[in-house]
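A.B. asks: Sharing a structure here in structure tokens format.
The values are calculated or read from the model by the stated rules, or taken from the named source; none is laboratory data. No experiment lies behind these values; they were computed from the predicted model shown. Methodologically, a virtual Cβ is constructed for each residue, glycine included, from the backbone with ideal geometry; neighbour enumeration extends over all protein chains shown.
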Amino acid sequence: MKTVSQTLFFTLCARANDPRFHDPMAEEIVRTHPEISQHSPDWITQKIITHRASFFDGQIRRIKKNNPTTNLALINLGGGLCSRFQRVKKDISNSIHLDFPEVIEALKDLFPVTASHLISADLNDQDWIGQVKNALNESETPVFCLEGVSMYLDKTPLLNLFNMLPTNFSRGFIVCDLLHPFFQHRAYIVRSVAQVGASFHSGVTSTKEIIDAAPLLKLDHARPPFVPTGLPQIPPFNLYQFAIFSWGL
């Protein structure tokens with residue numbers, strides 16, 4: 001399995017082990033496959049992972065609350081072993097999970113239930129766009145989640161991805177997390193990432209870089225973890241941040 005893909009095990013363990021985060025599916029998988037526990041991250045990384053997962057889940061619920069008559073399709077890009085489709089099932093009408101073929105196979109082996117549609121693909125290969133379109137109903141508004149993914153893509157493919165989504169889909173949302181370029185090739189700072197030999201390939205200094213590359217996008221809001229919105233996108237507040245974009249709505 002690719003070293004990047006191996007990070008999915010410590011995100012799974014983080015969600016299962018944090019008593020303040022409720023993920024029954026992750027808990028059951030770790031209980032029935034105790035060998036996975038060896039991938040448990042350090043306490044700080046665990047807290048960041050579960051805080052991020054809570055934020056992403058919360059954004060799905062917020063979007064649904066603000067658009068109660070809209071059918072939402074959750075699309076996890078580079079979804080790993082994420083069970084968000086189960087945690088927010090009351091707020092979505094469809095779920096699509098995309099990742100490397102070996103990750104999709106691991107998901108099938110471990111998960112008692114899966115997203116409605118599983119797509120084996122590399123985000124760098126644009127063929128997956130057509131597969132996602134085929135899995136969507138015309139009435140659905142897609143919510144693309146890029147959780148813990150952007151930093152593993154090279155800069156040009158990352159910006160191209162942000163541009164491709166509003167170009168190929170008439171409306172939608174993107175929920176993502178972003179690292180500052182300071183962390184590029186410095187994955188050793190995050191011990192759990194370094195332990196599996198993964199590397200951060202890119203970063204963005206501000207969400208303006210994304211808007212410049214994908215002018216159809218509108219920034220709904222951005223903020224660092226654990227703090228309120230409205231802070232300037234300058235160090236240290238832009239070293240790691242969550243962002244939500246939308247278009248066509």
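A.B. asks: Would a scan of segment 103-111 turn up a residue that is of a type outside the set (Gly, Ala, Ser), on the phi < 0 side of the Ramachandran plot, touching a residue at least 40 places away in the same chain (Cβ under 8 Å) and surrounded by 22 or more Cβ atoms within 10 Å (Cβ to Cβ)?
C.D. replies: yes
A.B. asks: Conditions: (1) within 19 Å of the chain's Cα centre (by Cα); (2) in a loop (DSSP other than H, G, I, E, B); (3) not acidic (Asp, Glu). Leu158 meets all but one. Number of the miss?
C.D. replies: (2)
A.B. asks: With the structure loaded, tell me whether Ser150 is surrounded by fewer than 17 Cβ atoms within 10 Å (Cβ to Cβ), at pLDDT 90 or above, touching a strand residue (DSSP E or B) at 6+ places or on another chain (Cβ under 9 Å) and not basic (Lys, Arg) or whether it fails that test.
C.D. replies: Considered against the rule, which asks whether it is surrounded by fewer than 17 Cβ atoms within 10 Å (Cβ to Cβ), at pLDDT 90 or above, touching a strand residue (DSSP E or B) at 6+ places or on another chain (Cβ under 9 Å) and not basic (Lys, Arg), Ser150 comes out as no.
A.B. asks: Here's a follow-up. Hey, could you check segment 83-101 for residues that are at pLDDT 95 or above and in a loop (DSSP other than H, G, I, E, B) and say which is surrounded by the fewest Cβ atoms within 10 Å (Cβ to Cβ)?
C.D. replies: Restricting to residues being at pLDDT 95 or above and in a loop (DSSP other than H, G, I, E, B), the top hit is Ser93.
A.B. asks: Determine whether Ile44 is closer than 22 Å to Gln241 by Cβ and surrounded by fewer than 19 Cβ atoms within 10 Å (Cβ to Cβ).
C.D. replies: Spelling it out, Ile44 is indeed closer than 22 Å to Gln241 by Cβ and surrounded by fewer than 19 Cβ atoms within 10 Å (Cβ to Cβ).
A.B. asks: While we're here: Scan segment 37-67 for residues that are out of contact with any Phe, Trp or Tyr (no Cβ under 6 Å at 6 or more places or on another chain), farther than 19 Å from Lys89 by Cβ and either not in a helix (DSSP H, G or I) or not polar (S, T, N, Q) (or both) and jot them down.
C.D. replies: Once the filter is applied, which keeps residues that are out of contact with any Phe, Trp or Tyr (no Cβ under 6 Å at 6 or more places or on another chain), farther than 19 Å from Lys89 by Cβ and either not in a helix (DSSP H, G or I) or not polar (S, T, N, Q) (or both), segment 37-67 yields Ser40, Asp42, Trp43, Ile44, Lys47, Ile48, Ile49, His51, Arg52.
The rows are residues; the columns are (1) modelled with pLDDT of 90 or more; (2) assigned to a helix (DSSP H, G or I); (3) closer than 17 Å to Gly79 by Cα.
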{"position": "Pro166", "(1), (2), (3)": "yes, yes, no"}
{"position": "Cys176", "(1), (2), (3)": "yes, no, yes"}
{"position": "Phe182", "(1), (2), (3)": "no, yes, no"}
{"position": "Ala194", "(1), (2), (3)": "no, yes, no"}
{"position": "Val204", "(1), (2), (3)": "yes, no, no"}
